[in-house]
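The structure appears right after this line, and notes come after that.
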């Protein structure tokens, strides 16, 4: 019998296990992860971005806590005096840019961000052109820069949290959950592919793209499905590289995202209208057909780049509103907690979600960041709580 069983040993599951043990070292915490190599996990294939540029206060606060964790990482994640994995944290800033028809929304979001303690500044087109000459700002209405944001090594972040959770006593089992046992409005245990089952006082479903099936089995269906995401790394000619090496993490209203990586750039352009599914095969023509034209439109100097590699992964995309689904279903399933549907924000929000779930499990309410508006009630009543002009 375990106090808490966590389904999914990705970054959200590891962060939840860690915060449970930090809150109560006597808890029996078990994490189920069928693939300890994380070959198919979303975390290892993430871009690693961490930003505060959201319009919803909950998402801003979750990112702010992650920045606190990054700042405290050498001490927080150390084990017996040994340093944790190097996050290779690049505090280079995030820059959101928008065309004139979306600039008003970007400016309104900036007011919300500043109200919640985000250091951010508005850049009009002349300021954008002066500061970032590699970006064509002729068709832009402005941009917002948050200099404290940046990106890190996703694998190092995951492994550091996992190692610390294990050091504090969490048990990681190489098992796949295939079902949950429900009786009298409570989850009693988790069924495993091996034929065994685990009894538990509380169960957390942090299984990413595999979470919806386990949520539906417990009577908490969610509008979450796998969505293909491609990350492209490109090499730049030596005469072009200096103009791009100092860029922050840039995102525009078309969904284009770029940031410096090695001797080139990491680039993505998510097709949010693509059908969902677990197929991670990359369309070999997608880069030339969609990504490169968008890239050259925004950065004309990139007409001579060379595609180095393409990697594919999956978002657990919430089709209702693009935000995570956090928490239980009071009165129906008090001890079954969801943490899914992050829609590309799992890595940057995992520490705060893990802490919030620990609070909810141990105290019955949130003590730090109130995530009630990201709860299951909005799914049940189909009341979207979406970001404004941000993906």
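The values are calculated or read from the model by the stated rules, or taken from the named source; none is laboratory data. Everything numeric in this text was worked out from a predicted model, so none of it was measured. Neighbour counts are summed over all protein chains in view; Cβ atoms, including those assigned to glycine, are modelled from backbone coordinates with ideal geometry.
Could you list, in sequence order, all residues of the range 23-69 that are part of a loop (DSSP other than H, G, I, E, B), more than 20 Å from residue 169 (Cβ to Cβ) and touching a strand residue (DSSP E or B) at 6+ places or on another chain (Cβ under 9 Å)?
Those that are part of a loop (DSSP other than H, G, I, E, B), more than 20 Å from residue 169 (Cβ to Cβ) and touching a strand residue (DSSP E or B) at 6+ places or on another chain (Cβ under 9 Å): 34, 40, 41, 42, 46, 47, 48, 51, 52, 53.
For a quick check of your reading of the model, give me the residue pairs whose first member lies in the range 1-21 and is in the same structural domain as residue 69 (by TED's automatic domain parsing) and over 9 Å from residue 170 (Cβ atoms), whose second is modelled with pLDDT under 95 and not in a strand (DSSP E or B), with beta-carbon atoms closer than 6 Å and at least 6 apart or on different chains.
Between residues of the range 1-21 that are in the same structural domain as residue 69 (by TED's automatic domain parsing) and over 9 Å from residue 170 (Cβ atoms) and residues that are modelled with pLDDT under 95 and not in a strand (DSSP E or B), the close pairs are 10/41; 10/43; 11/43.
Does residue 272 satisfy being surrounded by fewer than 20 Cβ atoms within 10 Å (Cβ to Cβ), in contact with a strand residue (DSSP E or B) (Cβ under 8 Å, 6 or more places away or on another chain), outside the structural domain of residue 62 (by TED's automatic domain parsing) and not in a loop (DSSP other than H, G, I, E, B)? Spell out the reasoning first.
Details: surrounded by fewer than 20 Cβ atoms within 10 Å (Cβ to Cβ): yes; in contact with a strand residue (DSSP E or B) (Cβ under 8 Å, 6 or more places away or on another chain): yes; outside the structural domain of residue 62 (by TED's automatic domain parsing): yes; not in a loop (DSSP other than H, G, I, E, B): no.
Criteria not met by residue 272.
Within the range 349-383, how many residues are part of a helix (DSSP H, G or I) and farther than 20 Å from residue 22 by Cβ?
Taking the range 349-383 first, the residues part of a helix (DSSP H, G or I) are 349-363, 372-374, 377-380.
This time we only want the ones that are farther than 20 Å from residue 22 by Cβ, so: 372-374, 377-380.
Of the residues in the range 349-383, 7 are part of a helix (DSSP H, G or I) and farther than 20 Å from residue 22 by Cβ.
Residues of the range 111-121 being exposed (fewer than 15 other Cβ atoms within 10 Å of the Cβ) and either in contact with a strand residue (DSSP E or B) (Cβ under 8 Å, 6 or more places away or on another chain) or in a strand (DSSP E or B) (or both), which ones?
Scanning the range 111-121 gives 119, 121.
Only one residue in 362, 374, 314, 338 is buried (at least 20 other Cβ atoms within 10 Å of the Cβ), closer than 21 Å to residue 69 by Cβ and touching a helix residue (DSSP H, G or I) at 6+ places or on another chain (Cβ under 7 Å). Which one?
Values: 362 fails: buried (at least 20 other Cβ atoms within 10 Å of the Cβ); 314 fails: closer than 21 Å to residue 69 by Cβ; 338 fails: closer than 21 Å to residue 69 by Cβ.
Testing whether each residue is buried (at least 20 other Cβ atoms within 10 Å of the Cβ), closer than 21 Å to residue 69 by Cβ and touching a helix residue (DSSP H, G or I) at 6+ places or on another chain (Cβ under 7 Å) leaves just 374.
Could you say whether any residue in the range 98-110 is outside any helix (DSSP H, G or I) and modelled with pLDDT of 95 or more?
Step one: list which residues in the range 98-110 are outside any helix (DSSP H, G or I), which gives 98-99.
In the following step, the residues that additionally are modelled with pLDDT of 95 or more were identified as 98-99.
Within the range 98-110 (the criterion being outside any helix (DSSP H, G or I) and modelled with pLDDT of 95 or more), the answer is yes, since at least one residue qualifies.
If I ask for residues that are modelled with pLDDT under 95 and in contact with a helix residue (DSSP H, G or I) (Cβ under 6 Å, 6 or more places away or on another chain), which ones from the range 25-47 would you list?
Result: 38, 42, 43, 44, 46.
Residue by residue through the range 193-234, note down the ones that are surrounded by fewer than 18 Cβ atoms within 10 Å (Cβ to Cβ) and assigned to a strand (DSSP E or B).
Matches in the range 193-234: 197, 199, 201, 233.
Considering each of 298, 304, 289 in turn, give the residue that is free of Cβ contacts under 8 Å to residues at least 40 places away in the same chain and not assigned by TED's automatic domain parsing to the domain that holds residue 46. Talk me through it step by step, then tell me what you get.
Values: 298 fails: free of Cβ contacts under 8 Å to residues at least 40 places away in the same chain; 304 fails: free of Cβ contacts under 8 Å to residues at least 40 places away in the same chain.
Answer to the selection: 289.
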